[in-house]
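Here's the structure we're looking at; comments come further down.
The values are calculated or read from the model by the stated rules, or taken from the named source; none is laboratory data. Everything numeric here is computed off the predicted structure, so don't read it as measured data. Using ideal geometry, Cβ is built from the backbone for each residue, glycine included, and neighbour counts are taken over all protein chains shown.
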Amino acid sequence: MTDAATDLLAVAGVSAPPELFADVVFDRPFDHAYTYAVPEPLRDAVGVGKRVEAPFGRGDKATIGYCIRVGDQPPARAVKPLARVLDDEALLDDHLLKLTRWMADYYLCGWGQVLHAVVPAGVRENAGTRAVTFVEAVPAGELPDPLPTVTAKQKQILVYLRDMGEPVELRRLLKATNSGTSPVAGLAEKGLVRKRRERIESTESKVLSAESESDAASALSTQHSALVLNADQQAAHDTISEAIAAGGFKAFLLHGVTGSGKTEVYLRAIEQVVAAGKEAIVLVPEISLTPQTLARFRGRGAEVVVLHSNLTDAERGGYWRKLAAGMAQVVVGARSAVFAPTRKLGLIVIDEEHETSFKQESTPRYHARDVAVMRARLADVPILLGSATPSLESWHNAERGAYTKLTLPHRVESRPLPPVRLIDLRREPKQPGQHFAIGPTLEDGMRTALKAGGQVLLLLNRRGYSTHVHCPACGHVAQCQHCDLALTFHRHKSSLACHYCGWETAPLTKCPACHQSAIKYQGLGTEKLQAEIEQKFPGRVVQRMDSDTMQKPGAHQRVLDAFRDGLVHILLGTQMIAKGLDFPNVTLVGVVNADVGLHLPDFRAAERTFQLLAQVAGRAGRGEKGGTVMVQTFTPEHPCIVQAAGHDYTGFASAELAHRREHLYPPYQRLARLIVRSEKQDAAGAFADTLAGAFREAVARAERASGQVRVLGPAECPVFKLNDFYRFHFQLQSANSGHLHAVLREVLSVAKPPHGVEFQVDVDPVGMS
Ligand code: ADP
Ligand code: ZN
């Protein structure tokens with residue numbers, strides 16, 4: 001405001017409104033906000049939770065950021081003005097702003113980075129909406145006096161508008177009255193009609209059509225709602241119900257064996273929340289977003305929105321706006337649904353809470369389960385975590401009383417858990433010169449099950465044809481050109497492929513190293529398993545489900561439908577087939593090699609193996625026919641395999657927790673993993689040393705943290721070279737998350753990698769490769 005203007009206002013007895021300033025964060029790794037002056041024309045538009053455009057960085061480039069505070073305290077230094085405000089309404093409410101702020105602090109990244117990741121692109125770009133002009137007749141009381149004269153065409157338009165009695169889209173008005181734009185413009189000038197521009201959904205029909213899949217399922221839903229809870233379900237429900245009625249934060253861990261009816265417990269809780277006029281968020285692993293699962297959440301009197309990864313930006317944007325407008329009561333989705341912009345959150349449910357897919361492996365590297373618990377805390381509502389094989393983190397929380405444990409120890413309708421038979425591969429009879437994936441015992445079991453009209457599910461957690469391509473003379477192993485990893489032969493594509501970066505090359509015949517010998521193709525993947533089974537079971541329909549065969553959208557569903565309809569006799573696949581499926585006619589589950597994954601350099605290898613075996617075993621015997629499980633293994637004495645065979649989660653958890661405690665691993669210690677990478681090996685190694693050194697010094701300096709934070713490493717990552725980057729890592733360990741974060745913040749705020757070197761921080765890492 002100019003001095004002259006201020007004087008004028010003073011003369012008029014009006015004091016100038018205080019100057020306004022806006023704090024803005026950008027999609028950059030900085031953890032601080034930048035202050036801008038709000039120019040006069042933007043005063044009304046600016047607001048917390050809206051996007052703004054402001055000059056930023058070198059050359060004051062116009063950059064989009066999020067406004068996170070507006071105030072009238074002038075900053076110490078002169079500041080630049082905001083250029084634009086992009087949103088009419090705040091994209092995030094107070095809870096989501098607090099939640100994202102917490103994430104930036106906890107996962108050590110920029111608040112702007114978190115906000116950028118949380119708000120879907122379709123919302124930022126207004127995808128799925130279009131600007132539309134509406135025209136309405138000016139109400140009688142506001143008409144100009146005297147009334148201006150109108151042309152015949154204009155009169156026709158006015159009559160039409162008055163008949164409609166509501167604003168009409170301009171396009172439609174012109175069509176209906178067979179008119180051009182100028183008569184309407186004339187009416188507006190004369191003060192007889194008003195024009196208004198609005199953004200409307202252009203994807204409405206698409207968004208709604210997603211619901212049609214529920215039609216077939218609504219019959220299912222009614223059947224479900226008629227279920228009578230068994231005593232265990234009822235007891236769990238009563239406890240949860242009380243917490244929902246009382247309100248306030250409370251975390252529950254629902255530990256229910258496979259087939260114990262956990263979903264029914266979720267549904268009752270959700271119904272109660274919806275009946276109270278509130279909203280529920282349900283997180284499920286991506287893989288379980290099947291129509292069968294969704295059908296169970298739909299048709300109970302609530303509008304359900306489903307967020308899966310195949311949505312277009314426009315659809316995602318449409319759903320976001322629908323939720324933000326309070327037009328849906330339940331949102332079911334994978335990881336990112338934890339940020340759903342519900343306005344009256346009443347409950348969060350996380351199914352299969354142990355699933356690693358809840359962890360995001362790019363910035364912000366958050367764990368949706370942990371974020372969900374924090375969101376429930378901030379919103380002061382209950383949260384329900386469910387699993388047959390809870391993560392040891394959650395189990396530990398339940399044991400120490402932070403979570404309330406609820407147990408469903410039996411399957412529904414008194415069905416038994418299936419007996420599990422361990423088959424020692426070292427003792428299976430072999431035919432000389434022949435390597436079969438399926439030993440005689442498992443083969444017999446399959447024949448018996450199929451003959452009796454049952455279906456067979458086979459797990460092999462390794463895709464491809466040959467997983468070990470090597471030269472028997474010199475030992476050369478075919479490796480990826482960009483990664484430190486062995487290549488897998490895929491017969492169908494006739495190529496050698498890297499399972500990390502996707503690099504492919506033609507299959508080798510002669511050894512490129514010694515030129516002496518022919519290359520051998522050994523090691524077993526799902527593709528070879530399929531060939532073996534087709535050969536052993538001619539006339540049976542075999543389907544394979546792994547990420548190679550499931551690339552097309554809908555492929556997953558088509559195979560599962562065919563299997564459910566009995567059109568497929570044997571379904572084999574990777575861990576994809578182990579999860580959540582409820583097929584009553586599966587009478588045999590076979591595990592081809594239980595040891596895959598058991599010896600990985602990851603402290604969670606045993607936990608993963610137990611979970612995978614227990615989950616896949618849980619697919620057997622879910623119907624009246626019952627069922628069995630056969631597990632082939634070279635280490636039938638390994639505790640986690642024995643415990644999985646005995647359906648003994650509690651035994652597994654207590655043994656594994658004792659081991660974790662002794663070796664200072666989570667959940668007893670917090671971990672942060674730092675990864676330093678560069679295309680130049682020396683540069684990566686040197687900076688890893690520097691950074692680890694800086695952490696050691698910081699730990700030694702901070703007396704209160706001293707001895708409480710340990711620095712382990714640096715060392716080469718288990719996968720040393722990945723996508724042409726050489727990678728070193730080290731870990732910080734502490735029993736105290738506060739100390740750990742204090743040290744991290746201190747060092748990272750000044751850490752500057754040299755040109756060509758990058759580092760990443762992974763708080764509570766899940767993957768260790
Ligand atoms: P979980 O998720 O614990 O593995 P589900 O919730 O999928 O188990 O339930 C397994 C099956 O049991 C489903 O088909 C479900 O409809 C059925 N079911 C659940 N509760 C009951 C009940 N109280 N009585 C009869 N059947 C039930
Ligand atoms: Zn590679």
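Descriptive notes on the structure:
- Residue tally, condition hydrophobic (A, V, I, L, M, F, W, C), free of Cβ contacts under 8 Å to residues at least 60 places away in the same chain and assigned to a strand (DSSP E or B), over the range 682-723: 5
Residues checked against (1) over 26 Å from Met768 (Cβ atoms); (2) touching a residue at least 60 places away in the same chain (Cβ under 8 Å); (3) assigned to a helix (DSSP H, G or I):
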| residue | (1), (2), (3) |
| --- | --- |
| Ala614 | no, yes, yes |
| Gly626 | yes, yes, no |
| Met630 | yes, yes, no |
| Glu637 | no, no, no |
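- Summed over the range 38-62, the residues that are more than 23 Å from Trp320 (Cβ to Cβ) and not in a loop (DSSP other than H, G, I, E, B) give a count of 12.
- Total residues in the range 299-346, condition on the phi > 0 side of the Ramachandran plot and touching a helix residue (DSSP H, G or I) at 6+ places or on another chain (Cβ under 7 Å): 2
- Test: residue in the range 485-504 that is polar (S, T, N, Q), surrounded by 15 or more Cβ atoms within 10 Å (Cβ to Cβ) and more than 16 Å from ligand 1 (Cβ to nearest atom): yes
- In the range 550-577, of all residues being at pLDDT 85 or above and either hydroxyl-bearing (Ser, Thr, Tyr) or closer than 17 Å to Glu352 by Cβ (or both), the one that is farthest from ligand 2 (Cβ to nearest atom) corresponds to Leu560.
- The set of residues in the range 279-292 that are in contact with a Gly (Cβ under 8 Å, 6 or more places away or on another chain), outside any loop (DSSP other than H, G, I, E, B) and surrounded by fewer than 22 Cβ atoms within 10 Å (Cβ to Cβ) comprises Ile287, Ser288.
The rows are residues; the columns are (1) closer than 17 Å to Asn461 by Cβ; (2) under 28 Å from the mean Cα position of the chain (by Cα); (3) not hydroxyl-bearing (Ser, Thr, Tyr).
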{"position": "Thr587", "(1), (2), (3)": "no, no, no"}
{"position": "Val592", "(1), (2), (3)": "yes, no, yes"}
{"position": "Leu612", "(1), (2), (3)": "yes, yes, yes"}
{"position": "Gly618", "(1), (2), (3)": "yes, yes, yes"}
{"position": "Thr633", "(1), (2), (3)": "yes, no, no"}
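This table checks each residue for (1) under 23 Å from Gly122 (Cβ atoms); (2) within 16 Å of ligand 1 (Cβ to nearest atom); (3) out of contact with any Gly (no Cβ under 9 Å at 6 or more places or on another chain); (4) of a type outside the set (D, E, K, R).
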residue	(1), (2), (3), (4)
Gln234	no, yes, yes, yes
Gly256	no, yes, no, yes
Gly277	no, no, no, yes
Val306	yes, no, no, yes
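- Candidates Gly685, Gly646 - the one that is closer than 23 Å to Phe759 by Cα and modelled with pLDDT of 95 or more: Gly685
- Check on Glu532, more than 12 Å from ligand 2 (Cβ to nearest atom), out of contact with any strand residue (DSSP E or B) (no Cβ under 9 Å at 6 or more places or on another chain) and in contact (Cβ under 8 Å) with a residue 60 or more places away in the chain: yes
- Residue identified as acidic (Asp, Glu) and exposed (fewer than 15 other Cβ atoms within 10 Å of the Cβ) among Asp94, Asp87: Asp94
- From Ala314, Ala328, Ala340, residue being free of Cβ contacts under 8 Å to residues at least 60 places away in the same chain and surrounded by fewer than 23 Cβ atoms within 10 Å (Cβ to Cβ): Ala328
Let's see how each residue does on (1) away from ligand 2 (no atom under 16 Å from the Cβ); (2) over 27 Å from Gly621 (Cα atoms); (3) in a loop (DSSP other than H, G, I, E, B):
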{"site": "Gly464", "(1), (2), (3)": "no, yes, yes"}
{"site": "Gly475", "(1), (2), (3)": "yes, yes, yes"}
{"site": "His482", "(1), (2), (3)": "no, yes, yes"}
{"site": "His492", "(1), (2), (3)": "yes, yes, yes"}
{"site": "Leu496", "(1), (2), (3)": "no, yes, no"}
{"site": "Cys501", "(1), (2), (3)": "no, yes, yes"}
{"site": "Pro512", "(1), (2), (3)": "yes, yes, yes"}
{"site": "Gln516", "(1), (2), (3)": "yes, yes, yes"}
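- Total residues in the range 724-769, condition modelled with pLDDT of 90 or more, over 20 Å from Ser362 (Cβ atoms), in a loop (DSSP other than H, G, I, E, B) and not hydrophobic (A, V, I, L, M, F, W, C): 5
- Test: Leu458 is part of a loop (DSSP other than H, G, I, E, B), closer than 25 Å to Val591 by Cβ, in contact (Cβ under 8 Å) with a residue 60 or more places away in the chain and more than 16 Å from ligand 1 (Cβ to nearest atom): no
- Listing of strands (runs of 3 or more DSSP E) fully contained in the range 531-592 that carry 2 or more residues being over 22 Å from Pro419 (Cβ atoms) and touching an Asp or Glu at 6+ places or on another chain (Cβ under 9 Å): 542-545
- Per the listing Phe563, Phe537, the residue uniquely within 16 Å of ligand 1 (Cβ to nearest atom), crowded, with 18+ Cβ neighbours inside 10 Å and under 30 Å from Ala449 (Cβ atoms) is Phe563.
- Residue match in the range 22-34 (condition: of a type outside the set (Ser, Thr, Tyr) and farther than 30 Å from His741 by Cα): no
- One residue stands out in the range 343-383 among those that are within 12 Å of the chain's Cα centre (by Cα) and of a type in the set (Gly, Ala, Ser): the one that is surrounded by the fewest Cβ atoms within 10 Å (Cβ to Cβ), namely Ser362.
- Qualifying residue in the range 609-629 (condition: modelled with pLDDT of 95 or more, of a type outside the set (S, T, N, Q), closer than 30 Å to Val761 by Cβ and more than 16 Å from ligand 1 (Cβ to nearest atom)): yes
- Here is the figure for the range 254-284: residues that are of a type outside the set (A, V, I, L, M) and more than 30 Å from Pro419 (Cα to Cα) total 6.
- Close pairs (6 angstrom Cβ cut-off, 6 or more residues apart or separate chains): under 20 Å from Met550 (Cα atoms) and hydroxyl-bearing (Ser, Thr, Tyr) in the range 567-596, within 15 Å of ligand 1 (Cβ to nearest atom) and in a loop (DSSP other than H, G, I, E, B) anywhere: none
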